[in-house]
Amino acid sequence: MVGSLEFLYKTDLPHRAIAVYRYLFDRANRQGQCWPAITTVARDLKLSECTARRALDDLRRAGLITTTQRTRKNGGKSSLLY
């Protein structure tokens with residue numbers, strides 16, 4: 001495994017945030033970026049979309065992730081870049 005995630009278990013993060021962080025970590029490219037849709041994260045982890053969003057908020061507040069809104073060529077919103 002590339003890098004250790006042991007530090008996660010020493011945080012006060014709720015289990016939902018730990019699960020989502022591991023999910024994003026597993027899908028990140030060499031630059032540490034990934035862009036799954038919230039619906040995909042929720043479906044794959046068997047969470048509600050609201051719970052997945054709360055987990056992402058937890059991770060942002062903890063300073064473990066940043067997000068950037070991606071857009072389509074026509075100007076519409078796409079998935080977030082993590």
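The values are calculated or read from the model by the stated rules, or taken from the named source; none is laboratory data. Being a predicted model, the structure only gives us computed values, none of them experimental. Here the Cβ positions follow ideal geometry from the backbone for every residue, glycine too, while neighbour counts run over all protein chains shown. Note: areas computed on protein heavy atoms with side chains; ligands, DNA, RNA excluded. Shrake-Rupley method; radii C 1.70, N 1.55, O 1.52, S 1.80 Å.
Structure summary
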read-out: Contour excess over end-to-end distance, with Cα ends at Tyr9 and Arg43 and 0.36 nm allotted per residue; value: 9.9 nm
read-out: Residue among Thr67, Thr11, Thr51 with the largest mean-square fluctuation in a Gaussian network model of the chain, springs linking Cα atoms under 10 Å; value: Thr11
read-out: Cut-off under 5 Å, modelled amide H: who pairs with Ile65 long-range; value: Arg60
read-out: The chain, accessible surface, carbon-and-sulfur percent (1.4 angstrom probe); value: 50
read-out: Relative compactness, the chain, computed as alpha-carbon Rg over 2.2 N^0.38 Å; value: 1.10
read-out: Dipole-positive endmost among Trp35, Cys50, Gly63 within the chain (Cβ charges, Cα centre); value: Trp35
read-out: In Hz, Karplus ³J(HN,Hα) per residue of the stretch 20-25 (6.51, -1.76, 1.60; θ = phi - 60°; x = Gly, Pro); value: 5, 4, 4, 4, 5, 4
read-out: Sum of -39500 (n - 2.57) over DSSP H runs of 4+, divided by residues of the chain (222 nm, nearest 500); value: -12500 deg cm²/dmol
read-out: For the chain, size of Cβ-based charge dipole, Lys and Arg +1, Asp and Glu -1, in debye; value: 360
read-out: Cα gyration tensor shape of the stretch 37-82, rounded if a/c is under 1.5, else prolate or oblate by comparing a/b with b/c; value: oblate
read-out: Square roots of 5 times each gyration tensor eigenvalue, C-alpha, the stretch 1-43, largest first, Å; value: 18, 16, 7
read-out: The stretch 39-49 - phi-based ³J(HN,Hα) in whole Hz, Karplus 6.51/-1.76/1.60, Gly and Pro as x; value: 4, 5, 4, 4, 4, 5, 8, 6, 10, 6, 4
read-out: Accessible surface, the chain, averaged per residue in Å² (probe 1.4 Å); value: 69
